[in-house]
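Comments concern the structure below.
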Amino acid sequence: MPNPNRGACGFQSNEFEQEYDRPSKSQLKREMTALQKLGQELIDQPRDRVKRVPMPEDVKDAILECQLIKDHEGRRRQLQYVGKKMRSLSEEELAIIQRAMDSWKGLSKADTSAMHALERHRERLLKDDAALTLLLQQHQELDAQHLRTLIRNARKEQAENKPPKAYREIFQILKQLQTNTKSTGEDAQDDLNDDSEEE
């Protein structure tokens, strides 16, 4: 015959369950990992970019210090320290850092697109002499003789599998042209804005 008192112990089974209002260990670990990853992304950025990010000086110093460390173990320890510093930041400070990094990603996409456009322009110059004629018409300040020599040398480099010295120099000239055109366009826009304000 089964015992009628078996299992009946006079208290509710959930009576001793604790109420947790804190995040679980797994959640804390995920947050720590995310902050350490954010720190790593900052470390991977150029120093001048990191210096412009609005964040507490001690965090910035830890990141800049980590960029200088070449020793693997020392860098690993410094990265952990950066992660610890990142955990000391408020939600608002982290949001500001994240926004800055997101803006870089947008900028780098634009930079990549601009770079591909320059590379396509360089390829046109190497394939078609008419492209050089058009470029010289648009930018009369360019040294036509120098550009012709560079294009000839770049073609020769490609044909003979030589290091692409002239090829790279053409890219730098095109990049400089693009920078000059942008700054001239901005100056013209500033002039227009000044004129409209005077009216």
**Asked** Which lysines, on any chain, are close to Lys105 with Cα under 24 Å apart, when same-chain ones fewer than 8 places away are left out?
**Response** Lys37, Lys51, Lys60, Lys85, Lys175, Lys182
**Complete:** Along segment 164-181, Karplus-curve 3J(HN,Hα) (6.51, -1.76, 1.60; θ = phi - 60°) to the nearest Hz, with x for Gly and Pro, reads x, 5, 5, 4, 5, 5, 4, 4, 5, 5, 5, 5, 5, 4, 4, 4, 5, 5
**Complete:** In segment 84-160 the accessible area split gives carbon plus sulfur, as whole percent at 1.4 Å, a share of 51
**Request:** Give a residue-ordered list of calculated ³J(HN,Hα) values for segment 76-86 (Karplus: 6.51 cos²θ - 1.76 cosθ + 1.60, θ = phi - 60°; whole Hz; x for Gly, Pro).
**Result:** 4, 5, 5, 5, 4, 5, 4, x, 4, 5, 4
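The values are calculated or read from the model by the stated rules, or taken from the named source; none is laboratory data. Nothing here was measured: the structure is a model prediction, and the numbers come from that model. The accessibility values were calculated without ligands, DNA or RNA, using every heavy atom of the protein model including side chains. Shrake-Rupley method; radii C 1.70, N 1.55, O 1.52, S 1.80 Å.
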